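What follows is a single structure, written as structure tokens, with notes after it.
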Amino acid sequence: MSVLPPGPPEPPLLQTLRWLLRPISFLESCRRRFGDAFSVRFLGFQTPMVMLSHPDAIRALYTVREHGLPPGRTVALLPIVGPRSLLLLEGREHLARRRLMLPPFHGERMRAYESIVRDAVARDVEGWPVGRPFAIHPHMQSITLDVILRAVFGVTDPARRARLAERLGRLLASTSSVGLQFGVLLSRRFGGPDPLARLQALTRDIDALLAEEIAERRVDPREDILSTLVTARFEGGGDMDDGEIRDQLMTLLLAGHETTATGLAWTFDLLLRHPPVLDRLVAEVDAGEETYLRAVVAESLRLRPVVPLAGRRLSSELRVNGHVLPPGTDVTPAIWLAHTRADRYPEPFAFRPERFLESAPATYAWIPFGGGVRRCLGAAFAEMEMRVALAEILRRRVLCPVSTAAERVARRNVTFSPSGGTRVIAAARGARGPAA
Ligand code: HEM
């Protein structure tokens, strides 16, 4: 008979609170007590969730294509992304969409979007306060929203873009509110009015704006990702109808906006507390070099993984650490633990981009984008966006931290986010950078 790995004996309520309020100390205490694999029990889940951190176990998990979605994803995302979202489909339906949607996200295609990111940064930086503290995270959010609206949705009409940005901003803000999430769980569990109902008018409004964009691209395809979705064909023929394209646009927005903004906020938090790294990066950016910039992004995503879990529900048994986990078990890499293994990363808690100068990160020991057949579709896009935005900001502004203490990890929706929004003080660059 198979037995799950041991885990904390505390009741599920306590484990859930520790995970929600102090995720890093919870994970570290599990690592100390149980090692590479352990089982946690969260409130609202019928069965334990097994967490893994050894690269071999993670490879074993991610290389089986047939495993299903992790629990809870549909409940949380369906109202926004819609039923045909890539994030929610499984099996052949998922694979067919993935094949259709992958080409515009291919690494080589990313150069085409660099100027959109540069322009979005330039516009936002203009409005930054000078010489007084402000949180950089919200600015990263408006930059990444602007980039998605232009590169993915391809909205060129300024008035329509402003309307969409305003409404999407409101939708994203309300769905990330903890109060709303609790409300949804409570109404599902005990009945009563659905708190998401009041978002329906907003969603209808957004859908109408998106429908106009989709209709225009059907007549006149352009360079944006929406155009490639409109013209793409499934392998067996046929295309995505307007309703499905709407679902995929909302999926790309939801999956790609907050994540990339948070990755950037963490990168600044790390850079500002490591002046030698920042100095080297600024010098390399000024010289037009990209190698160190790539290493900084990789190291930042290692030490501050934005998405903590990317799990699967097993479709077949999985053997890990002497345990045989049966089909139906929920299993996830604990990305923080995988990224801070001393056997893979000497001085694992040090911010040292140099570790990635000689060799690229190892596939299953560096998993900020998950892995296998559900690996992040926008990984190349996100890395490009982070590189270009970092370089452009450092060319335009000198940044100083507001406090000496590093940001605490706070959970925000499905992400690990800097609790204070990464507060900085900015000044215009002097003679070295372009006019700010
Ligand atoms: C730093 C930024 C980002 C991080 C850390 C991140 C992380 C992730 C992770 C962990 C997953 C789940 C992978 C798995 O289960 O194996 C995922 C899925 C996904 N991401 Fe990202 N992501 C980022 C940016 C983006 C961007 C910019 C886009 C698109 C514009 C995007 C689109 C997607 C999509 C569509 C999926 C679902 C893939 C599928 O189910 O097949 N992501 N991402």
Most exposed to least, judged by fewest other Cβ atoms within 10 Å, Cys400, Cys30, Cys376 sort to Cys400, Cys376, Cys30
Cα gyration tensor shape of the range 232-355, rounded if a/c is under 1.5, else prolate or oblate by comparing a/b with b/c | oblate
Positive end of the charge dipole of the chain (Lys, Arg +1 and Asp, Glu -1 on Cβ, about the Cα centre): tell me which of Ile393, Leu249, Thr259 has its Cα farthest that way.
-> Thr259
Of the candidates Leu52, Leu301, Leu13, the farthest towards the positive dipole end of the chain (Lys/Arg Cβ +1, Asp/Glu Cβ -1, centred on the Cα centre) is Leu13
Shape call, the range 81-130: gyration tensor on alpha carbons, a/c limit 1.5 = oblate
Among Asp247, Asp343, which comes first, then next, by fewest other beta-carbon atoms within 10 Å?
-> Asp343, Asp247
Residue-averaged 222 nm ellipticity for the chain, from DSSP H runs of 4+ at -39500 (n - 2.57), nearest 500 = -16000 deg cm²/dmol
So which residue, out of Glu244, Glu126, Glu385, gets the largest mean-square fluctuation from a GNM of the chain using Cα contacts under 10 Å as springs?
-> Glu126
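So, with +1 on the Cβ of K and R and -1 on the Cβ of D and E, and no other charges, what is the size of the charge dipole of the range 301-406 about its Cα centre, to the nearest 20 debye?
For the range 301-406, the charge dipole is close to 180 debye.
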For Val320, the residues 5 or more places away or on another chain with a placed amide H closer than 5 Å to its own amide H are Leu325
Candidates Arg198, Arg344, Arg302, ranked by Gaussian network fluctuation over the chain, Cα under 10 Å, top entry | Arg198
Step through the residues of the range 228-237 one at a time and calculate ³J(HN,Hα) from phi using the Karplus curve (6.51 cos²θ - 1.76 cosθ + 1.60, θ = phi - 60°), rounding each to whole Hz and writing x for Gly and Pro.
-> 5, 6, 5, 8, 5, 10, 5, 4, x, x
May I ask you to work out the translational diffusion coefficient for the chain at 10 °C, viscosity 1.306 mPa s, via Stokes-Einstein with Rh from the Kirkwood sum over Cα pairs, reported in whole µm²/s?
-> 70 µm²/s
Mind sorting Arg99, Arg132 by how few other Cβ atoms lie within 10 Å of their own Cβ, fewest first?
-> Arg132, Arg99
Based on the Cα coordinates of the range 10-77, what is the per residue volume of their convex hull in Å³?
-> 111 Å³
To the nearest 20 debye, what is the magnitude of the charge dipole of the range 233-316 about its Cα centre, counting +1 on the Cβ of each Lys and Arg and -1 on the Cβ of each Asp and Glu?
-> 520 debye
Among Ala76, Ala365, Ala389, determine the one that fluctuates most according to a GNM of the chain built with springs between C-alpha atoms less than 10 Å apart.
-> Ala76
Among Val117, His339, Gly169, which residue has its Cα positioned farthest towards the positive end of the charge dipole of the chain, with +1 placed on the Cβ of Lys and Arg, -1 on the Cβ of Asp and Glu, and the dipole taken about the Cα centre?
-> His339
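Under unit Cβ charges (Lys, Arg +1; Asp, Glu -1), what dipole magnitude, rounded to 20 debye, does the chain have relative to its Cα centre?
1040 debye
Coordinate-derived values only; no laboratory data. Here the structure is a predicted model, which means the values were calculated and not measured. Using ideal geometry, Cβ is built from the backbone for each residue, glycine included, and neighbour counts are taken over all protein chains shown.
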